[in-house]
Amino acid sequence: MSATDLQQHWENVYETKDTTRVGWFQQKPIISLNFFDFLKIPKDAKILDAGGGDSLLVDYLNDLGYQNITVLDISAGAIQNAQIRLGSLAEEVCWIVDDLSKCKLDGKYDVWHDRAAFHFLRKKKELDHYLDLVQKSVKQGGYLIVGTFSVNGPTTCSGLPVTQYSVGSLMEFFSDFFEPIKCLNTDHITPGGVEQNYTFCALRRK
Ligand SMILES: C[S@@+](CC[C@H](N)C(=O)[O-])C[C@H]1O[C@@H](n2cnc3c(N)ncnc32)[C@H](O)[C@@H]1O
């Protein structure tokens, strides 16, 4: 799929679907929030939610007092949904519409969070780009929190093929630049009641 087609795919998803009914929807992103708690992320941390879509993570982080949040997504529609939902609070958040498989970022982050976006990258070039981007963008001692479909999870997400990861293969992929802190497998229950097994890792930038 070309980059334009990929963006169009996601614009179409956010234009046509009720995103409280899509497979990845979470009323409360508990696993991600638990990682923030476990890692004792300070409230002034600079946080990037990569492929954040219109996830409610930004709302919960905002409620917890985090003040330096950026949401990046390939879909302008996803970002618009989140901005409308947040109302005036959206002005406190930094928004970026870009493609993680080829974008450049200026900022350095204390926390890079990615739930179910990284797993769409399948070509070597895209994976190399993501690794380079994340290693350049996360401060030394900062954290990468990444969640993907596991080897026992689905092989597609939103109709697109994904790369599945075990705890071992996820740690291994980032191991040149990140050391593992805590990894786990967890079942997410979709709004339609289907179990999807995820691999989540929190890794620290060396
Ligand atoms: C399965 S959804 C997950 C959304 C959100 N992270 C969550 O947990 O609710 C995947 C998101 O990644 C975005 N995405 C997919 N490929 C991307 C890419 N190459 N660059 C940036 N965002 C991408 C999609 O637009 C979508 O919002």
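Rule-based calculations on the coordinates, nothing more; no lab input. Bear in mind the structure is a predicted one, so any value in this text is a computation, not a measurement. Note that we place each Cβ from the backbone using ideal geometry, even for glycine, and neighbour counts take in every protein chain shown.
I'm trying to understand the selection: among the residues of the stretch 110-132, which are of a type outside the set (Phe, Trp, Tyr), near the ligand (Cβ under 10 Å from one of its atoms) and not in a loop (DSSP other than H, G, I, E, B)?
Those that are of a type outside the set (Phe, Trp, Tyr), near the ligand (Cβ under 10 Å from one of its atoms) and not in a loop (DSSP other than H, G, I, E, B): His113, Asp114, Arg115, His119, Glu126, His129.
Name the single residue that is nearest to Val111 (Cα to Cα) among those in the stretch 160-203 being assigned to a loop (DSSP other than H, G, I, E, B) and without any contact (Cβ under 8 Å) to a residue 12 or more places away in the chain. Let's see the steps before the verdict.
Looking only at the stretch 160-203, we keep the residues that are assigned to a loop (DSSP other than H, G, I, E, B), and these are 162-164, 166, 175-177, 190-194.
Applying the additional criterion that residues be without any contact (Cβ under 8 Å) to a residue 12 or more places away in the chain yields 175, 193.
On the way: Ser175: 17, Gly193: 31 Å.
Restricting to residues being assigned to a loop (DSSP other than H, G, I, E, B) and without any contact (Cβ under 8 Å) to a residue 12 or more places away in the chain, the top hit is Ser175.
Count, please, the residues in the stretch 123-176 that happen to be of a type in the set (Lys, Arg), loosely packed, with under 13 Cβ neighbours inside 10 Å and either farther than 22 Å from Gly53 by Cβ or under 17 Å from the mean Cα position of the chain (by Cα) (or both).
If we filter the stretch 123-176 for residues that are of a type in the set (Lys, Arg), which is where we start, we get 123-125, 136, 139.
If we keep only those that are loosely packed, with under 13 Cβ neighbours inside 10 Å as well, we get 123-125, 136.
From what's left, either farther than 22 Å from Gly53 by Cβ or under 17 Å from the mean Cα position of the chain (by Cα) (or both): 124-125, 136.
Of the residues in that region, 3 qualify.
Say whether the condition of being of a type outside the set (A, V, I, L, M, F, W, C), surrounded by fewer than 19 Cβ atoms within 10 Å (Cβ to Cβ) and part of a loop (DSSP other than H, G, I, E, B) is met by at least one residue in the stretch 51-58.
So the first thing to find is which residues in the stretch 51-58 are of a type outside the set (A, V, I, L, M, F, W, C), and the list is 51-55.
Then keep just the ones that are surrounded by fewer than 19 Cβ atoms within 10 Å (Cβ to Cβ); that gives none.
Scanning the stretch 51-58 turns up no residue that is of a type outside the set (A, V, I, L, M, F, W, C), surrounded by fewer than 19 Cβ atoms within 10 Å (Cβ to Cβ) and part of a loop (DSSP other than H, G, I, E, B).
In this structure, does Ala117 turn out to be in contact with a strand residue (DSSP E or B) (Cβ under 7 Å, 6 or more places away or on another chain), within 20 Å of Val22 (Cβ to Cβ) and touching a residue at least 24 places away in the same chain (Cβ under 8 Å)? Show your work before the answer.
Details: in contact with a strand residue (DSSP E or B) (Cβ under 7 Å, 6 or more places away or on another chain): yes; within 20 Å of Val22 (Cβ to Cβ): yes; touching a residue at least 24 places away in the same chain (Cβ under 8 Å): yes.
For Ala117, the condition - in contact with a strand residue (DSSP E or B) (Cβ under 7 Å, 6 or more places away or on another chain), within 20 Å of Val22 (Cβ to Cβ) and touching a residue at least 24 places away in the same chain (Cβ under 8 Å) - is met.
Going through the stretch 79-107 one residue at a time, which ones are touching a Ser or Thr at 6+ places or on another chain (Cβ under 8 Å) and among the aliphatic types (A, V, I, L, M)?
At the first step, the residues of the stretch 79-107 found to be touching a Ser or Thr at 6+ places or on another chain (Cβ under 8 Å) are 81-82, 93-97, 105, 107.
Listed by number, the residues that qualify are Ala82, Val93, Ile96, Val97, Leu105.
Exposed (fewer than 14 other Cβ atoms within 10 Å of the Cβ) and closer than 24 Å to Val134 by Cα: does that describe Lys43?
Working: exposed (fewer than 14 other Cβ atoms within 10 Å of the Cβ): yes; closer than 24 Å to Val134 by Cα: yes.
For Lys43, the condition - exposed (fewer than 14 other Cβ atoms within 10 Å of the Cβ) and closer than 24 Å to Val134 by Cα - is met.
Would you pick out the residues in the stretch 1-38 that are exposed (fewer than 13 other Cβ atoms within 10 Å of the Cβ), in contact (Cβ under 8 Å) with a residue 60 or more places away in the chain and among the hydroxyl-bearing types (Ser, Thr, Tyr)?
Thr20
Given (1) crowded, with 22+ Cβ neighbours inside 10 Å; (2) within 14 Å of the chain's Cα centre (by Cα); (3) of a type in the set (Gly, Ala, Ser), identify the lone condition not met by Ser101.
(1)
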